[in-house]
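The values are calculated or read from the model by the stated rules, or taken from the named source; none is laboratory data. What you see is a predicted model, and the numbers here were worked out from it, not measured in a lab. Methodologically, a virtual Cβ is constructed for each residue, glycine included, from the backbone with ideal geometry; neighbour enumeration extends over all protein chains shown. Keep in mind that these areas ignore ligands, DNA and RNA; they rest on the heavy atoms of the full protein, side chains included. Shrake-Rupley method; radii C 1.70, N 1.55, O 1.52, S 1.80 Å.
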Amino acid sequence: MAPLHPHLVLVGMMGAGKTTAGRRVARQLGWRHVDADKRIERTTGRAIPEIFAADGEAGFRAIERDVLASLLGVPGRTVVSTGGGAVLSPANRALMRQRGTVVWLRARPETLLARVGAGKDRPLLADDPAASVRRIATERQSAYANAAHVIVDVDGLTADQVADAVLAAVKARERAS
Ligand code: S3P
């Protein structure tokens with residue numbers, strides 16, 4: 001029988017470790033891994049900062065929505081590492097929840113800041129990364145909570161520990177369904 005929630009979707013702020021965890025979890029499960037931002041860059045032939053500069057955030061979000069829908073529409077089993085703002089759209093949140101198990105990699109601002117550094121390649125952090133990370137994390141708190149089936153707190157965890165926690169959450173959910 002086809003699995004009820006075929007995909008695994010990682011959500012969370014910039015710097016939460018979605019790409020690294022996604023790659024590791026997919027390897028362990030033997031599933032495909034796709035990073036949504038990389039897919040956006042590949043399909044448009046443009047880097048994320050270029051898209052923001054030319055089309056604005058709204059233009060980027062429209063592309064992000066289409067890419068997410070196509071990634072989650074396929075029948076196989078995929079681990080999708082989303083961009084940090086993918087949860088802003090209620091339609092994206094509904095689709096993620098319907099098509100997969102959604103795991104929020106939750107982190108304190110200090111953890112995020114240590115990873116994003118000067119915010120290079122992340123247009124939303126270009127001006128003042130420290131202030132922006134705190135503001136955006138607060139603004140999005142409820143969107144992440146609404147999207148997620150499962151929360152993994154990543155502060156102080158190694159990449160392997162994050163991957164293990166995600167795997168445990170997915171297995172528990174599959175057992176329950
Ligand atoms: C964004 C996060 C980025 C990228 C874009 C916007 C956001 O992805 O999609 O710069 O709105 O949080 P990462 O979360 O992979 O950095």
Report yes if Arg32 is near the ligand (Cβ under 10 Å from one of its atoms) and either touching a His at 6+ places or on another chain (Cβ under 7 Å) or open to solvent by 40 Å² or more (accessible area, probe 1.4 Å) (or both), otherwise no.
no
Identify all residues within segment 49-64 that are over 16 Å from Gly83 (Cα atoms) and loosely packed, with under 14 Cβ neighbours inside 10 Å; write none if there are none.
Ala53, Ala54
Expected single match for in contact (Cβ under 8 Å) with a residue 60 or more places away in the chain, open to solvent by 20 Å² or more (accessible area, probe 1.4 Å) and at negative phi among Pro90, Pro75 is Pro75
Residue by residue through segment 131-150, note down the ones that are touching a residue at least 24 places away in the same chain (Cβ under 8 Å) and either over 20 Å from His7 (Cα atoms) or open to solvent by 80 Å² or more (accessible area, probe 1.4 Å) (or both).
Val133, Arg134, Ile136, Ala137, Arg140, Asn146
Name the pairs: first residue in segment 103-130 and under 20 Å from Ala145 (Cβ atoms) and free of Cβ contacts under 8 Å to residues at least 12 places away in the same chain, second residue basic (Lys, Arg) and near the ligand (Cβ under 9 Å from one of its atoms), Cβ to Cβ under 7 Å, at least 6 apart or on different chains?
none
So which residues in segment 49-72 are over 18 Å from Ser89 (Cα atoms) and either within 11 Å of the ligand (Cβ to nearest atom) or hydroxyl-bearing (Ser, Thr, Tyr) (or both), if there are any at all?
Pro49, Ile51
Does Arg46 satisfy the criteria of being within 16 Å of the ligand (Cβ to nearest atom), closer than 21 Å to Lys120 by Cβ and surrounded by fewer than 18 Cβ atoms within 10 Å (Cβ to Cβ)?
yes
Pick from segment 76-111, criterion of a type in the set (Ser, Thr, Tyr) and within 19 Å of Gln141 (Cβ to Cβ), ranking: farthest from the chain's Cα centre (by Cα)
Thr111
